[in-house]
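Presented below is the structure to which this report refers.
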Amino acid sequence: MKKILLAAILYLVVAAGHVFAQQRTVSGTVISSADNQPIPGANIQIKGTNIGTVTDIDGQYSIQVQDGSAVLIFTYIGYVTQESLVGNRDVIDMTLNEDLKQLGEVIIVGYGEQDRKTLTSSISSVSSKDIENLPMPSPDQMMQGRAAGVLVSANSGTPGGGMFVRVRGSTSINADNDPLYVVDGIPIVSGNLSAVGLGGGTANAMADINPADIESMEILKDASATAIYGARAANGVVLITTKRGKSQKAKVSIGAYHGVQSAWRKPDLVDGSTFEMLRNEAAVNNGGEPIYANPSQAISTNYSDLIFRDAPITNFDVSVTGGNDQIRYLASASDFNQDGIVAPTSFARRTGRLNLDAFVSDKLKIGTSILYSRNIRNRVNNDDNIAGALGGTHFFPSNLPPFQQDGSYTKFSIFENPLAVINENDITMVTNRVLATVYGEYEFFPGLTLRSNFSVDYNNVKEDTYINTFLNAGAAVNGQASSIVSVNDNWIQENVLNYQTSFGSGHSLSVLLGTSLQQSTFERTTATGQQFPSNDFKRIASAAVQTSSSDGSVWGIASVFSRVNYSLNNKYLLTLNLRRDGSSRFGAANRWGTFPSAAVGWRISEEDFFNKGKFVSDLKVRSSYGVTGNQNGINDFQSRGLWAGGANYAITPGTEPSQLANPDLRWERTAQFNIGVDVAFFNERLNMTFDYYDKQTTDLLLAVPIPRSSGFTSIFQNFGEMENKGFELSITGTPILKQDFTWDINFNIAQNRNNIKRLAQSIPVYNRDIIRMEEGIPMYSFWMHNQLGVDTETGDPIWETSDPNRPFDPNIDRFIVGNAWPDFFGGLTNTFRYKNFDAMIFFQYSYGNDQLFWNRFFQEHGGTRNTNFLGSQLDRWQQPGDVTMVPRMTNANYAANLRPSRFVEDGSYVRLKNLSIGYTLPPSFASKLGMTSARIYFSGQNLLTFTNYSGLDPEVNSTASTSTTQGVDFYAMPQPRVFMGGFNITF
């Protein structure tokens, strides 16, 4: 018996030893595919057992397994469960994909947030992962092609330059058409703050914000979404939410990229020999003698190659986030530098941010968001400016050298030598901006909270110019300088009471009440000087002739607002908004405006009769109607009769009336109807949103003509109507979702039809009246002489006439020949992830928009000028039988009073806006380097452009400083093509 017992004991010891010899430790890191960040608290369990563990704060785990046949199950709320066979591995890193069905996307709305499934409004979202690591200086650029119904285009490729942004069209003629931007709850200044006119270019105030700080952007489009902002919401609202701290161990993130920019297309200008040949041909055709004896021996200067350059772009970001149950913080800093592809333009931005949230008690929360931004722009004359570098490049004959034998710049007529423009340029703009808010939030009892905040948006802009004597403008006055300081100081105080409750059987109610008070103060001081002793003295104190002036203004707005959200069983949805605004800009009779909206939604998929299955997993219809306003079309005291100083006689000061009073002046009002459908397919792997809208704007703020006997030519009145109608379709989905491979797709397309319904009289716009506003046509319509062709026998242009029984009359026969609005526009993004590799391909497109290539008017001149030619002049008619749109080179065919429609081209394009390829280091390897995560990537911007447009960029609008224009390309700097590489690491 003892022997049997001893043998049994020995057997158990050997067996146990054998078992323990097979056990081993498996470790690794679990990260999220959304941001490549560790997931703390993820569960890891051995399949078929109760043995398991969880990841620590760094996403790391360790577990004992019996042998290689064990299977590990990785789970975390909101993510797809993954399994992995151990095999012979000791390290198993896991990337979990988001479970779209579980997550339930939360959308930021005005003064709150809401689950997208119960949303009754039309809102597009752009998340931080959509826009990270893009070489763009401003947030508004990052909406381009990513939000249905939001038309975004760059006015030019000038660093830090302005953007054209329209949410569901333009609602006004004289008033601002840009959306209202709200950053962390602060309505901010977003327009052009530059006082120095350099042509049509503008400086983009949105470039003050570091895109790397942004968590998400929501674009509020219909009245139900925007009415909570009332008087300033007619053009849509863009809510920008910045990143905040989380309850976690301190995390340090560092990102950097460096790239090279270049022009993807340069001006097509003829060389010296061709220039002389064309000038000779024109002279002979006009009955004269050739101008140049031997064109084949002409010198040739390619001014395009002299002014364009390869330019660097760099960015460095660092942030620290963390916190606990009592305090959470985010601190960040950035350094962005971009040189323009036309010297010496550049944009440099330094930012610092602190976002802080402190939980003082279970009921009281306080915090702050502070941004300091300092920007420096080196600027140059260009867009819409014949005296700029691009203007000189086009006008200077290519048979002229850039320098004379004595080393001085070659002079030509009134035009600046392009090399002198870029070498002798001294125009700077320095912006210091503080965007800050402090808040307190108190919960009286569960469901009832009061949030109060005070915010400031302070802008200080200093612009200095010196035009030296090497330039024509400076030589005429022996040097010219200016120094301008502009201060725009805004403060806003808001209080929001929010109550949320559920009651009865499936009833849910949310009620919001708020007040807002805002004041904006603007001041500007200008000093100018002329007649300097030399170019070494650039301060105005050295000028023999000095002048100065100052001006300022102030306006304020007081508001009360409310919103009610109600749902029954998350099935029947109702949203009501009401805002009442009072503005100092309007007269006492109409100082206050009321802006209501209502929206309903029906989640059909929640009905018992709906057969919810794998094909259609969610279905909601919604509709809204509401009214919003616009107050930005008038000056701060436009409703009042004003007197101005400066009407002096000799040394005696005097005043004069500057405008007539109109106490009945009131808001522009935009009423909008919207109907939409949200559908989810295949367990929400594919989502589609469709919207149709109808926007009717009335009471346009316009300068209406009045009899001159009044002493004035016009008075601001509410007169005119505008219409915008259209549809939007967006499709997002994940066609493939596997452990090692995922494919995400995002597509959107939109159409907007703009129409001026009522106008006091037609309004010619811009230089030579090439754009016209009139009833029955869209804004941004081109008014030209409609060229039908060229007579194949004579080479003379054939023009359309309003009366076929009489000859063409250029003073009468002008027609609307197109407009800058696209028929369709949108974007397509494909994102692929294979193991640790990722790739993103983003196309942006516009179809049906007309673009006026106004350079052709001046460089396809048929020899009527002695300036250079575009290559398109070579398509001219030369002999009978030639079929072309470019007439025979004679003075009559290229008369200065002609505005040929052939210069209006199809501006449709498809652009490979961004392509990036990245690799994320395995977490186990990154941890050995002391990092939590690490990713390297390479990307390209504006890599390919498919277009029939013959200009440098089908997207630009060089006349941006004139708000009633769009689609005019006149010596605009094109957007650059960018190649770059970068990294993101986290400790």
Checklist entry - Just how large is the dipole of region 294-366 about the Cα centre, in debye to the nearest 20, putting +1 at every Lys and Arg Cβ and -1 at every Asp and Glu Cβ? => result 260
Checklist entry - What lysines could a cross-link reach from K835, if we take a straight Cα to Cα line under 16 Å and drop same-chain neighbours fewer than 8 places away? => result K738
Checklist entry - How large is the charge dipole for the chain, taken about the Cα centre, if only the Cβ atoms of Lys, Arg (+1) and Asp, Glu (-1) carry charge, to the nearest 20 debye? => result 2420
Checklist entry - On full extension of the chain, what length is gained from V71 through S247, given 0.36 nm per residue of separation minus the C-alpha to C-alpha distance? => result 60.2 nm
Checklist entry - Based on the mean of other beta carbon atoms within 10 Å per residue, what is the order of 187-194, 860-867, most packed first? => result 187-194, 860-867
Item to check | Cα gyration tensor shape of region 677-807, rounded if a/c is under 1.5, else prolate or oblate by comparing a/b with b/c | outcome: oblate
Next on the checklist: Placing +1 on the Cβ of each Lys and Arg and -1 on the Cβ of each Asp and Glu in the chain, which of M722, L686, F470 has its Cα farthest towards the positive end of the resulting dipole?
Outcome noted: L686
Next on the checklist: With 10 angstrom as the radius, rank I307, I228 by how many other C-beta atoms surround their C-beta, starting from the fewest.
Outcome noted: I307, I228
Checklist outcome for this item: Applied in sequence order to region 672-688, the curve 6.51 cos²θ - 1.76 cosθ + 1.60 (Karplus, θ = phi - 60°) yields integer Hz couplings, x standing for Gly and Pro, of 10, 10, 9, 10, x, 9, 10, 10, 10, 10, 6, 6, 6, 6, 9, 10, 10
Checklist outcome for this item: Taking Lys and Arg as +1 and Asp and Glu as -1, residues besides I675 with C-beta under 10 Å from its C-beta add up to -2
Next on the checklist: Amide H of T410 versus every other amide H placed in the peptide plane: which residues, excluding those fewer than 5 positions away on the same chain, fall under 5 Å?
Outcome noted: F403, Q404
Checklist outcome for this item: Footprinting proxy, E416, E721: sorted fewest to most Cβ within 10 Å, the residues are E721, E416
Checklist entry - Say each of S300 and E607 gets a label point 7 Å from the Cα, pointing the same way as Cα to Cβ; how far apart are those two points in nm? => result 7.3
Next on the checklist: Between Q326 and V883, what is 0.36 nm times their sequence separation minus the Cα-Cα distance? Round to one decimal in nm.
Outcome noted: 192.7 nm
Next on the checklist: Using the Karplus curve 6.51 cos²θ - 1.76 cosθ + 1.60 with θ = phi - 60°, what ³J(HN,Hα) values do you get for each residue of region 167-184, in whole Hz, with x for Gly and Pro?
Outcome noted: 9, 6, x, 9, 9, 9, 9, 8, 7, 5, 10, 6, x, 7, 9, 10, 10, 6
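With each run of n ≥ 4 DSSP H residues scored as -39500 (n - 2.57), what mean residue ellipticity at 222 nm is computed for the chain after dividing by its residue count and rounding to the nearest 500 deg cm²/dmol?
Roughly -2000 deg cm²/dmol at 222 nm, from the helical runs in the chain.
Want the number for R806 to F837: 0.36 nm per residue separation, take away the alpha-carbon distance, what's left?
Details: separation 31, 0.36 × 31 = 11.16 nm, distance 6.95 nm.
That works out to 4.2 nm of additional length.
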Next on the checklist: Counting other C-beta atoms within 10 Å, and keeping those with at most 15, which DSSP coil trypsin sites (Lys or Arg not before Pro) do you find in region 218-287?
Outcome noted: K246, R265
Next on the checklist: How many angstrom lie between the Cα centre of region 512-556 and the Cα centre of region 557-574?
Outcome noted: 45
Checklist entry - For a label point 7 angstrom out from the Cα of I370 toward its Cβ, which stretches of region 313-328 have the backbone nitrogen within less than 19 Å? => result 318-323, 327-328
Checklist outcome for this item: Expected sort for I186, I77 with the fewest Cβ neighbours (10 Å cutoff) up front is I77, I186
Checklist outcome for this item: A correct Karplus calculation of ³J(HN,Hα) over region 797-809, with 6.51 cos²θ - 1.76 cosθ + 1.60, θ = phi - 60°, whole Hz and x for Gly and Pro, returns x, 10, 10, 6, 10, 6, 9, x, 8, 9, x, 4, 10
Checklist entry - Which is farthest toward the positive dipole end of the chain among T241, T890, N866, measuring Cα position about the Cα centre, with Cβ charges +1 (Lys, Arg) and -1 (Asp, Glu)? => result T241
Checklist entry - What is the distance in Å between the Cα centres of region 691-741 and region 333-353? => result 33
Next on the checklist: Using amide H atoms built in the peptide plane, which far-off residues or other-chain residues are under 5 Å from N836 H to H?
Outcome noted: none
Checklist outcome for this item: Check: C-alpha center region 814-852 vs C-alpha center region 175-239, spacing in Å is 22
Checklist entry - So who's got an amide H within less than 5 Å of the one on S714, skipping anything under 5 residues away but keeping other chains? H placed 1.01 Å off N, in plane. => result I706
Next on the checklist: Given the options N805, L193, A926, identify the residue whose Cα lies farthest towards the positive end of the charge dipole of the chain (+1 on Cβ of Lys, Arg; -1 on Cβ of Asp, Glu).
Outcome noted: A926
Checklist entry - What is the magnitude of the charge dipole of region 102-242 about its Cα centre, with +1 placed on the Cβ of each Lys and Arg, -1 on the Cβ of each Asp and Glu, and no other charges, expressed in debye to the nearest 20? => result 400
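Looking at region 570-612, which trypsin sites (Lys or Arg not before Pro) are DSSP coil and have at most 16 other C-beta atoms within 10 Å of their C-beta?
Sparse-neighbourhood loop trypsin sites (Lys or Arg not before Pro): K571, K612.
Please say if region 447-550 is rounded, prolate or oblate, where rounded means a/c under 1.5 for a ≥ b ≥ c the square roots of the C-alpha gyration tensor eigenvalues, and otherwise the choice is prolate for a/b larger than b/c and oblate otherwise?
Taking the square roots of the gyration eigenvalues as a ≥ b ≥ c, region 447-550 is prolate.
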Item to check | Cα gyration tensor shape for the chain, rounded if a/c is under 1.5, else prolate or oblate | outcome: prolate
Checklist entry - Which percent, nearest 5, of DSSP beta bridges in the chain are antiparallel? => result 95
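None of the figures in this text is laboratory data; all of them are computed from the coordinates on show. Here the structure is a predicted model, which is why all the values come from computation and not from measurement. Methodologically, a virtual Cβ is constructed for each residue, glycine included, from the backbone with ideal geometry; neighbour enumeration extends over all protein chains shown.
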